[in-house]
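The numbers here are math on the coordinates, done by the rules we state, and not lab data. Only a predicted model underlies this, so the values are computations on that prediction, with no experimental measurement involved. As a convention, Cβ positions derive from the backbone with ideal geometry for all residues, glycine included, and neighbour counts pool all protein chains shown.
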Amino acid sequence: MLSPVRQSARNPRPGTVVPRCPAETSSPDPPARAATFKLRQAWRPSPEAAFRPGAAWVAASADALHIWAALLDEHPRTQATHDHTPLWELGDVFEIFLQLGDGPVYHEFHIAPNGCTLQLRFPDAHWPRAAGIDPWVQRSPGFEATVDTRPGRGIWNVRARIPLSLLTGETTGALAWPHHGRIAFGRYDYDDHGQPCCSHSARLTQCDFHRLHEWTPVTFPTFDAGMPAPAKPQGTA
């Protein structure tokens, strides 16, 4: 059984992971121009009973991609204790899938409710899955993520910043990057008995998050990250 993440537990029960982010931290609202994605179970005729809605937004600044997410859940939970581990096996997780331009390389970013992260870089869609994820784990350079799991809200929020240099490999000079690609968002939502309910933003015909050809093509909307973003509700409507 997975224990809920608790925002203010000084003496947590065994298996309970205390969030890293302070209680007053809250994910900023996405800018009005951000592209919106709803999580769904497109591979099913209708959502399973355990399905809970979620939504994600993406926009680009001069040097990074910015992602916001709002995920309905009264008790976010994870057993993760450190980064670079298979977070989807350890509890609730929000996942970002990203392929820039028209090349075969794609990236995957995981964020758990307690702030633990996983970052992967795959050479193409045909990587040998039997080898596991270890060859593809990317520890540096990293991306930034903050999480808000304050109790009583019935929702947990994610804010992620992915430097474009991490995606392009360019670290000096003027940053040139394709402003288009494919993107998708996924979620593992565990119940009290340790059973996950999966959802995804793409119109997947199978419950396989790595079906790149079914991810959503996108031209990334831009915004000025140095300016306050217009207010936008953090719900999923």
Label-to-label distance, nm, for residues given as H193 and D134 (7 Å Cα→Cβ offset):
3.4 nm
On a full-extension model of 0.36 nm per residue, what is the gain between T219 and E74, subtracting their alpha-carbon distance, rounded to one decimal in nm?
48.8 nm
Counting other Cβ atoms within 10 Å of each Cβ, which trypsin sites (Lys or Arg not before Pro) in the range 135-212 have at most 16 and sit in a DSSP loop?
R139, R153, R203
Calculate, in nm to one decimal, what A50 and D83 gain on full extension: separation in residues at 0.36 nm each, minus their alpha carbon distance.
9.1 nm
What GluC sites (Glu not before Pro) does the range 57-135 have in DSSP loop regions with at most 14 other beta carbons within 10 Å?
E74
Taking 0.36 nm per residue of separation and subtracting the Cα-Cα distance, what length does fully extending A125 through V105 add?
6.4 nm
Treating only the Cβ atoms of Lys and Arg (+1) and Asp and Glu (-1) as charged, compute the dipole magnitude of the range 50-219 about its Cα centre; round to the nearest 20 debye.
220 debye
What nm distance separates the two modelled labels at K38 and D208, each placed 7 Å from Cα along Cα→Cβ?
2.6 nm
